[in-house]
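Below is one structure, written out as C-alpha cells; the observations come after it.
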Amino acid sequence: MSKLIGPFKEVITLANTAQKGALGDDKMDIIQNGGVLIEDEKILKVGAFEDLRSGASAIEEVAGDHILLPGLIDCHTHLVWGGSRARDYTLRMSGESYEKILEQGGGIFDSVEKTRAASPESLHDGLVKRASRHLNDGVTTIEVKSGYGLDVENELKVLNVIKNAIADVEADLIPTCLAAHVCPKEFKDKKEFLTYLEKELLPQLLVKGLANRVDIFVEPSAFPVEIAKDYMSAAKSLGFDLTVHADQFHTGGSQIAVELEARSADHLEASADKEIELLGKSNTVAVALPGASIGLGMQFTRARKLLDAGASLAISTDWNPGSGPMGDLLVQASILGIYEKLSSAEIFSGITFRAAKALGLGDRGRLKEGMKADMIAFPVNDYREILYNQGKIKPDTVWKNGKQVKHV
Ligand code: NIG
Ligand code: FE
C-alpha cells in the first residue's frame, strides 16, 4: 500500500548531488511544496505534493511549514564504553595534552579498564541511551566502533553488545572492529598484538556476523604506519571493508587509507597539502570530526581545501568518552561550516549520502526513488534556518524505514 507524506515547504532531496568535490547551494535538488510517496520502507517517488495525490492509497498529512531532509548518517562513533573521562577533560582544559595523558596510561586506557569491567547489560543500556538520543536528533544510521576491549574476549563482548542492541534501537547500527585502537598494556610489542588480532579475532568476526569493517588508529602513539599497513592489508585479504583513524596528530594514516582503497579516512586534522591532494584524487571518503577538534581544543580538519581538491567530504561526531563527548551531529556540522566556509549543500551532503558512502551504503542519504524512507522534518520555513540556528533546532518528526519514530 502506498502512502503520501507531506506537504513540505521544501524537500531537500540531494537526489543528483555529486558524490565528490565542492558544491554550490544550487545543487541540492530542492522541491517546493513537495511530498514523498512511500511503500513500506522504500521511497516510490518524490515530487510536488499535489501531483502525487492521485497515486497514493493513503495520506499522512504534515501540518505547518516544514523542511524535509534525508535522515542524518553518523559514520564514525565509539558509542560503547564504561566509565567517564570527565577527569581527562578537566586536565585538558587546564592545558594537559591528549597524547601525554595517553602516554601516562590514562585516556583510552582508562576507558579500556572501565569497559572491560562493565557488564554487557550496562554497556547495552549506555549504547541504547546514546543511540536513542541520536535518533531523536534525526540520526537514522549510526556507525559504532568497538575499541575499548583490546583483547579477543572483550572485543567480542563489545561487538556482541552492538549486535544485540540492533533490535532495541530504531536507528540502524553499523558495527566496526577497532580492536587496533591502542596496544594494550599486556602486550609489549605492537606488531605482536596486531598479529594476535589478525589470527585470533578477525576471522571470528565474519563467521559470527559481528562486523565486516575494520579500523585502526594510525599514530606513533598508537600504531605506526609500517605495521598498521600490514595489519590492514591482512584485514582486506580476509574480506573486510577498511576505515582508518588517519592524520589526527601526525600524517601517514591517510596514505595507507588511499593505498588500500579504504572506504574512509577519518580525522585529518594534521593533513597537509600532499595528503589533501591524495584524498581529493581518491575514492576514499574524507571524514571530518569537528566534535574531536572541539573536544581537544585543536584545529579543524581543512574541509574547504579537501572539497576544493575534489574529495568526498563527510562530517561525523566521533562521539566517544575522550576526545568527543558532545555527540551532536547537527551542532558540530554547523560549527565546522562557519569556520571552514562550507556551503549548505556541502554540509547536508556530508551528513547524509556522503557519509553513507563512507559506510558502503548505497540505499540511503538521498530522497529519491528506491532509497530507504529515512527522513527528518524541521519545523522551519526555509532550509537556511537549520544551519543558521547552529543545530539547536531539531527535527520534530523523524521517519525510519517509512515509519514515524518521533513526532512532537
Ligand atoms: O577518534 N583518536 C583515537 N580514538 C578516538 C578517541 C578515543 C578516546 O579518546 O577514547 C578518536 O578521537
Ligand atoms: Fe574516532
Sort out which residues of region 364-408 are open to solvent by 40 Å² or more (accessible area, probe 1.4 Å) and part of a loop (DSSP other than H, G, I, E, B), and write them in order of number.
LYS368, GLU369, GLY370, PRO379, ASN381, ASN389, GLN390, LYS392, ILE393, LYS394, ASN401, VAL408
How do the pairs read when you match residues in region 377-393 that are in contact (Cβ under 8 Å) with a residue 60 or more places away in the chain and farther than 18 Å from ASN136 by Cβ with residues anywhere that are in a loop (DSSP other than H, G, I, E, B) and open to solvent by 30 Å² or more (accessible area, probe 1.4 Å), using Cβ under 7 Å and keeping only pairs 6 or more apart or on different chains?
ASN381/ASP65; GLU385/ILE393
Please specify each residue of region 365-401 satisfying the condition of being among the basic types (Lys, Arg) and within 22 Å of PRO290 (Cβ to Cβ).
ARG384, LYS392, LYS394
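Report, by residue number, each residue of region 94-115 that is more than 26 Å from the chain's Cα centre (by Cα) and either among the hydrophobic types (A, V, I, L, M, F, W, C) or over 20 Å from MET326 (Cβ atoms) (or both).
If we filter region 94-115 for residues that are more than 26 Å from the chain's Cα centre (by Cα), which is where we start, we get 94-96, 100, 103-105.
Scanning region 94-115 gives GLY95, LYS100, GLU103, GLN104, GLY105.
Suppose the filter is crowded, with 24+ Cβ neighbours inside 10 Å and at negative phi; does ALA345 pass it?
Numbers: crowded, with 24+ Cβ neighbours inside 10 Å: no; at negative phi: yes.
Answer is no for this residue.
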Being assigned to a helix (DSSP H, G or I), over 30 Å from THR115 (Cα atoms) and either among the aliphatic types (A, V, I, L, M) or within 15 Å of ligand 1 (Cβ to nearest atom) (or both) is the filter here, so list the residues in region 304-363 that pass it.
LEU306, LEU307, ILE335, LEU336, ILE338, ALA345, ILE347
Single residue of region 280-316 satisfying the filter (under 19 Å from LEU342 (Cβ atoms) and among the polar types (S, T, N, Q)) that is surrounded by the most Cβ atoms within 10 Å (Cβ to Cβ):
SER316
Is there any pair with a first residue in region 144-160 that is in the same structural domain as HIS181 (by TED's automatic domain parsing) and over 16 Å from THR195 (Cα atoms) and a second that is part of a helix (DSSP H, G or I) and among the polar types (S, T, N, Q) whose Cβ atoms are under 6 Å apart and which are 6 or more apart or on different chains, and what are they?
TYR148/SER111; TYR148/THR115
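Any chance region 169-181 includes a residue that's under 25 Å from THR141 (Cβ atoms), acidic (Asp, Glu) and more than 16 Å from ligand 2 (Cβ to nearest atom)?
Going through region 169-181, the residues under 25 Å from THR141 (Cβ atoms) turn out to be 169-181.
Applying the additional criterion that residues be acidic (Asp, Glu) yields 170, 172.
From what is left, the residues that are more than 16 Å from ligand 2 (Cβ to nearest atom) are 170, 172.
The answer is yes; a qualifying residue exists.
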Candidate set from region 15-49 (those that are closer than 19 Å to THR397 by Cα and open to solvent by less than 10 Å² (accessible area, probe 1.4 Å)); member that is farthest from the chain's Cα centre (by Cα)
PHE49
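Within the bounds of region 335-342, is there any residue that is among the aromatic types (Phe, Trp, Tyr), assigned by TED's automatic domain parsing to the domain that holds ILE30 and open to solvent by 30 Å² or more (accessible area, probe 1.4 Å)?
Going residue by residue through region 335-342, those that are among the aromatic types (Phe, Trp, Tyr) are 339.
So of that shortlist, the ones also assigned by TED's automatic domain parsing to the domain that holds ILE30 come out as none.
So far as region 335-342 goes, no, none of its residues is among the aromatic types (Phe, Trp, Tyr), assigned by TED's automatic domain parsing to the domain that holds ILE30 and open to solvent by 30 Å² or more (accessible area, probe 1.4 Å).
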Matching residues in region 65-81 - criterion: being open to solvent by 10 Å² or more (accessible area, probe 1.4 Å) and of a type outside the set (Asp, Glu):
HIS66, TRP81
Qualifying residues in region 123-164 (those that are farther than 26 Å from LEU330 by Cβ and among the charged types (D, E, K, R)) - the one nearest to ligand 2 (Cβ to nearest atom)
GLU155
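Please give the helices (runs of 4 or more DSSP H) falling wholly within region 49-160 in which 2 or more residues are aliphatic (A, V, I, L, M) and within 14 Å of ligand 1 (Cβ to nearest atom). Explain how you work it out, then say what you get.
Numbers: elements: 49-52, 86-93, 98-103, 108-117, 120-136.
Filter on region 49-160 gives 86-93, 98-103, 108-117.
Please tell me if LEU72 is in contact with a Gly (Cβ under 7 Å, 6 or more places away or on another chain), free of Cβ contacts under 8 Å to residues at least 40 places away in the same chain and within 17 Å of THR397 (Cα to Cα). Show your work before the answer.
Numbers: in contact with a Gly (Cβ under 7 Å, 6 or more places away or on another chain): yes; free of Cβ contacts under 8 Å to residues at least 40 places away in the same chain: no; within 17 Å of THR397 (Cα to Cα): yes.
In short, no.
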Residue count, region 308-345 (criterion: away from ligand 2 (no atom under 16 Å from the Cβ), touching a helix residue (DSSP H, G or I) at 6+ places or on another chain (Cβ under 6 Å) and in contact (Cβ under 8 Å) with a residue 60 or more places away in the chain)
6
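The values are calculated or read from the model by the stated rules, or taken from the named source; none is laboratory data. Given the structure is predicted, the values throughout are model-derived calculations rather than measurements. Glycine gets a Cβ as well: all are built from the backbone with ideal geometry, and neighbour counts include every protein chain shown. Accessible surface areas use protein heavy atoms only, side chains included; no ligands, DNA or RNA. Shrake-Rupley method; radii C 1.70, N 1.55, O 1.52, S 1.80 Å.
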